[in-house]
Amino acid sequence: MNTIKKFIKNEISGWALWEVLWLFTTCGTIAGISIYWQCSLMAIISAVTGTACVILTGKGKLSAYIFGLINCVLYAIISYKAKLFGEVSLNVLYYLPMQFYGFHVWKKHMSVKTKEVEKKRMTWRKRMILAMSIVSATYLYGLILTELGDAMPFVDAFTTVSSIIALIVSIKMFAEQWWIWVCVNVFSIWMWYNNYQVGNDNIATILMWSIYLINSVIMLVKWEREAKRKYEI
């Protein structure tokens with residue numbers, strides 16, 4: 001019980017007013033609009049927990065992985081119905097187990113002072129390797145998804161591959177994760193908008209990715225600024 005109390009205390013400490021407002025405003029907005037558009041309960045919960053996850057990740061809080069666990073399960077089901085198999089495999093085979101691994105790693109690197117995870121930056125050499133890995137893996141996976149009949153194979157491949165790599169970078173606590181997330185979010189919005197255009201009910205999912213995009217830009221600035229104050233490796 002004391003462990004739970006300590007966990008909750010750490011999660012709610014260190015928040016600036018604008019961060020609290022951002023968290024509750026975005027979650028409330030996406031829930032309200034989704035209900036107005038009569039989205040399914042699954043889509044609403046997925047969108048809200050996903051939104052909370054990315055904001056908590058940006059804040060460097062461990063609870064991000066709890067909300068992420070709920071989101072990846074529901075999002076996988078939604079993606080399966082939309083025949084976006086790259087998104088399904090990403091969430092079931094990768095995101096789900098990585099929530100547990102990420103929680104374990106971050107728990108060991110929490111700042112005693114800020115109650116947030118430590119933040120680091122990559123060298124330019126590592127950034128170039130990162131970019132080349134994303135491009136080559138996207139091409140190869142895109143070919144596979146084309147054979148599987150994916151609705152948007154190379155866009156789906158890019159979001160899948162980039163998300164896999166971005167999560168690794170995130171768990172390693174590098175600020176460069178947010179550059180990748182910005183790109184992932186832009187292409188994800190495009191992918192789900194096209195899916196909506198053909199008659200699928202996923203307004204909540206589009207809203208979720210739109211908030212992800214705004215959040216990734218905000219957190220990019222936050223992480224780059226805070227990581228730069230410490231050191232570059």
With R₀ set to 25 angstrom, the calculated FRET efficiency between the beta-carbons of ILE129 and LYS228, to the nearest 0.05, is 0.75
Restricting to aspartates and glutamates and to Cα separations under 16 Å from LYS59, and discarding same-chain partners fewer than 8 apart, the set is GLU11, GLU19, GLU116, GLU118, GLU176, GLU224, GLU226
Output ordering of 143-151, 53-61, 171-179 (per-residue mean of other Cβ within 10 Å, highest first) is 53-61, 171-179, 143-151
So, with points 7 Å from each Cα along the Cβ direction, the TRP37-TYR80 label distance in nm works out to 2.3
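Expressed in nm², what is the orientationally averaged projection area of the convex hull enclosing the Cα positions of the stretch 106-146?
Working: hull surface 18.9 nm².
Value for the stretch 106-146: 4.7 nm².
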The farthest towards the positive end of the charge dipole of the stretch 2-230, of the residues SER34, ILE206, ALA52, given +1 on Cβ of Lys and Arg and -1 on Cβ of Asp and Glu, is ALA52
Going through LYS83/LYS172; LYS9/LYS108; LYS6/LYS120; LYS6/LYS222; LYS5/LYS115 one by one, the pairs whose alpha carbons sit over 23 Å apart turn out to be LYS83/LYS172; LYS6/LYS120; LYS6/LYS222
Scattering profile of the chain from the Debye formula, Cα beads only, expressed as log10 I(q)/I(0) at q = 0.11, 0.17 Å⁻¹, is -0.55, -1.31
Quick calc, TRP190 & VAL105: beta-carbon distance into FRET formula, R0 35 Å, rounding 0.05, result 0.65
Relative contact order of the chain (C-alpha contacts under 8 Å, at least 6 apart) in percent is 23
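Quick one: dipole size for the stretch 2-230, taken about the Cα centre, charges +1 on Lys/Arg Cβ and -1 on Asp/Glu Cβ, in debye to the nearest 20. It would help to have the intermediate numbers written out before the result.
On the way: 23 positive and 12 negative charges, 285 e Å.
Its charge dipole is roughly 1380 debye.
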With 0.36 nm assigned to each residue of separation and the Cα-Cα distance removed, LYS9 to PHE24 gains 3.6 nm
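A short reminder: the numbers here are calculations on the coordinates, not readings from a lab. Quick caveat, the model's predicted, so the values are computed rather than measured. As a convention, Cβ positions derive from the backbone with ideal geometry for all residues, glycine included, and neighbour counts pool all protein chains shown.
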